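Colleague: First the structure, then my questions, so here it is.
The values are calculated or read from the model by the stated rules, or taken from the named source; none is laboratory data. These numbers come from a predicted model, not from an experiment. Virtual Cβ from ideal backbone geometry, glycine too; neighbours counted across all protein chains shown. The accessibility values were calculated without ligands, DNA or RNA, using every heavy atom of the protein model including side chains. Shrake-Rupley method; radii C 1.70, N 1.55, O 1.52, S 1.80 Å.
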Amino acid sequence: MSSKITRRRFIGRSFSLGAGAFLFRGFSLSAGPQKGMTPLVITSHTNQTGQAALEKGWSLLMEGKTALDAVEKAANVIELDPEGTGVGYGGLPNEEGIVQLDASIMDGRTYSAGSVACLENIKTPCSVARIIMEETDHVMMAGNDALKFAKKWGFKEENLLTEKARKIWLRWKTEISKSDDWGLPDHLRGLKKKKINNRMSEEIQYRTGTTNVLAVDKNGDIAGVTTTSGLSFKIPGRVGDSPIIGAGLYVDNEVGAAGATGRGEDVIKCCASFYIVMRMKEGRTPQQACEDAVALIAEKYKNINPKFMPGEKFIAVNKRGEVGCTSTRGRRPARLSLQTAEGYSVYEGTKGSSR
Ligand code: GLY
């Protein structure tokens with residue numbers, strides 16, 4: 001372990017990670033203790049759309065519907081929101097201006113899973129994933145064949161690129177593409193944040209905007225969805241962690257569920273959601289298990305580039321309805337929203353960084 005890591009300063013209430021892990025700078029504002037309660041439905045989305053999604057999921061749970069129904073229909077609310085630029089309809093497109101969606105669904109009760117990758121023109125990819133899970137013996141379908149499959153099952157083909165997303169994409173194209181003739185003339189590139197031709201030149205960062213929805217129903221069965229338009233302006237065909245079972249989503253009916261958002265590449269490499277659920281199986285709380293996953297990733301980079309910390313957020317719930325979340329970057333600790341018999345609330349987890 002490098003001295004840089006071991007000598008890290010702690011801000012606020014610091015926390016240490018489990019056996020085999022190492023300390024990293026972090027703080028917790030209101031991480032716990034959190035009273036576990038079921039049934040419940042949680043999401044990584046903490047805005048109004050997330051709240052509307054939880055209301056939908058909760059109403060289904062109260063009607064006696066399954067956790068699976070709750071997570072799918074709740075996730076549909078987020079997928080169908082044209083204002084959200086990270087999921088479903090309105091999601092930011094790939095480098096070529098085409099919206100390509102990834103999604104997965106997992107049913108703990110039957111230990112079944114389904115997913116779609118690089119799906120175009122369907123607003124509710126998690127529902128296509130559910131059809132794959134329930135109506136075929138496959139888990140994952142991709143690209144044009146997944147679209148053909150969805151259409152056979154009655155899904156309507158629609159343009160997913162909203163004006164808002166198109167303008168953000170065009171702006172990105174004109175400002176930062178270095179690989180073609182778009183953007184400023186060569187001799188003016190690099191003059192960032194200076195006014196050129198009456199417009200502000202500033203770098204538009206890649207964005208991720210995935211969502212996870214996890215639920216435990218009245219029978220104690222657990223299900224989850226992860227759905228996304230993926231990394232903005234991604235290379236066409238790039239698949240993130242969201243449709244990969246064990247990476248962007250994992251559910252074990254005897255233990256709990258976990259989901260990931262943020263940049264998916266490291267989530268894939270460390271099978272983060274599976275790891276979080278397995279840590280919970282070993283007795284870690286959902287909060288500790290999420291922090292363990294961050295530590296796992298940081299540990300891998302400590303000798304290669306100790307300053308590097310990929311941007312991820314993990315959320316988890318166990319069978320008792322205890323929740324946890326953590327993020328690797330950002331101005332504040334990670335949050336998730338939850339709906340239980342006590343109402344809607346926002347849970348604040350922790351933030352950890354190797355820096
Ligand atoms: N976590 C979403 C992605 O990387 O595509």
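Colleague: Just wondering, is there one or more residues in the range 293-313 that are under 12 Å from the mean Cα position of the chain (by Cα) and closer than 23 Å to Ala215 by Cα?
Modeller: Yes, the conditions are met somewhere in the range 293-313.
Colleague: Every residue in the range 285-305 that is open to solvent by less than 40 Å² (accessible area, probe 1.4 Å) and over 19 Å from Glu348 (Cβ atoms), please.
Modeller: Correct list: Ala295, Ile297, Ala298, Tyr301, Lys302.
Colleague: Now for a different question. Given the residues Thr226, Thr210, which is the only one that is closer than 24 Å to Ser59 by Cα, open to solvent by 10 Å² or more (accessible area, probe 1.4 Å) and within 13 Å of the ligand (Cβ to nearest atom)?
Modeller: Thr210
Colleague: Does the range 250-279 hold any residues that are more than 14 Å from the ligand (Cβ to nearest atom), within 14 Å of Ile297 (Cβ to Cβ) and open to solvent by less than 10 Å² (accessible area, probe 1.4 Å), and which are they?
Modeller: Of everything in the range 250-279, just one residue is more than 14 Å from the ligand (Cβ to nearest atom), within 14 Å of Ile297 (Cβ to Cβ) and open to solvent by less than 10 Å² (accessible area, probe 1.4 Å), namely Ile276.
Colleague: So which residues in the range 231-249 are open to solvent by less than 40 Å² (accessible area, probe 1.4 Å) and either of a type in the set (Gly, Ala, Ser) or more than 10 Å from the ligand (Cβ to nearest atom) (or both)?
Modeller: Ser232, Phe233, Gly240, Ser242, Gly246, Ala247, Gly248, Leu249
Colleague: Next question. Got at least one residue in the range 124-137 being surrounded by fewer than 19 Cβ atoms within 10 Å (Cβ to Cβ), within 16 Å of the ligand (Cβ to nearest atom) and modelled with pLDDT of 95 or more?
Modeller: No.
Colleague: Checking the structure you have, find out if any residue of the range 14-32 is in a loop (DSSP other than H, G, I, E, B) and at pLDDT 50 or above.
Modeller: Yes, the range 14-32 contains at least one residue that is in a loop (DSSP other than H, G, I, E, B) and at pLDDT 50 or above.
Colleague: While we're on this one: Mind telling me which of the residues Glu282, Glu322 ends up being without any contact (Cβ under 8 Å) to a residue 12 or more places away in the chain, out of contact with any strand residue (DSSP E or B) (no Cβ under 7 Å at 6 or more places or on another chain), under 22 Å from Leu249 (Cβ atoms) and open to solvent by 10 Å² or more (accessible area, probe 1.4 Å)?
Modeller: Unique residue meeting the criteria: Glu282.
Colleague: Criterion first (among the small types (Gly, Ala, Ser) and surrounded by fewer than 23 Cβ atoms within 10 Å (Cβ to Cβ)) does Gly97 satisfy it?
Modeller: yes
Colleague: Moving on. Condition first: crowded, with 19+ Cβ neighbours inside 10 Å and over 21 Å from Arg207 (Cα atoms). Now tell me which residues in the range 141-176 satisfy that.
Modeller: Met141, Ala146, Leu147, Phe149, Ala150, Phe155
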